[in-house]
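The structure under discussion appears below in the form of structure tokens.
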Amino acid sequence: MPAAFTLNGASAALLVMDYQNDMLSSLGEKQEAFLERAVSILNAAREAHLTIIYVVVRFRDGYPEISPRNRSFAALREAGRLREGAPGAEIHARVFPLPGESVVTKRRVGAFSTTDLETILRAQGVRRLILMGIATSGVVLSTVRWAADMDYELVVVEDCCADRDEEVHRVLTQKIFPRQASVVSAQEVVEGLK
């Protein structure tokens, strides 16, 4: 961990992005260890009184938000995935929000697009974002780019992000994200919150 890496609960928020049943099921046998790391960060963040915000992707019945021109979301519509109220769209029970923790619903890939996330962050005086999410090439990449343009200080938790393509995950976390964010492990975040 870089020497300057510290976490201040008053100005930092943890974003738990797309930790939904359908998304986590894609991890297969890696899911249990992945969730263990996420739980350790959530516990440490709660003890440190960080702002914790969950970001989920969900669509209304009939998927009116999805254009047939949107390749990735059109596939979700065809498969009937991530529909509001469906079990697959729910946040996994191991990392479920506690009362007082916000849940932001998005209709697109990034955490800021189509949401009131920026309003919540401004109201809480947040300047640093700690990001964990599925997929690295989806919500994490989109959120890093948007948040960096908005001058947030960014921390990406490499082993609490996942992608179906491990090489894409590696390139993003080792080569692309370090240009705009500190890329750290779950253990480093837990230690930084003590």
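Do the conditions hold for Arg81, that is, is it free of Cβ contacts under 8 Å to residues at least 40 places away in the same chain, basic (Lys, Arg) and more than 20 Å from Leu14 (Cα to Cα)?
Spelling it out, it is not the case that Arg81 is free of Cβ contacts under 8 Å to residues at least 40 places away in the same chain, basic (Lys, Arg) and more than 20 Å from Leu14 (Cα to Cα).
Please go through the stretch 127-175 and pick out each residue that is in contact with an Asp or Glu (Cβ under 6 Å, 6 or more places away or on another chain) and either assigned to a helix (DSSP H, G or I) or without any contact (Cβ under 8 Å) to a residue 40 or more places away in the chain (or both).
Thr136, Ser137, Val139, His169, Thr173
What are the pairs with Cβ atoms under 6 angstrom where one residue, in the stretch 23-34, is closer than 10 Å to Asp163 by Cα and the other, located anywhere, is aromatic (Phe, Trp, Tyr)? Sequence gap at least six, or different chains.
Filtered contacts from the stretch 23-34: Leu27/Phe34.
Report yes if Thr119 is modelled with pLDDT of 95 or more and in a loop (DSSP other than H, G, I, E, B), otherwise no.
For Thr119, the condition - modelled with pLDDT of 95 or more and in a loop (DSSP other than H, G, I, E, B) - is not met.
The values are calculated or read from the model by the stated rules, or taken from the named source; none is laboratory data. Remember, predicted model here, so these are calculated numbers, not experimental data. Neighbour counts run over all protein chains shown; Cβ positions are idealised from the backbone, glycine included.
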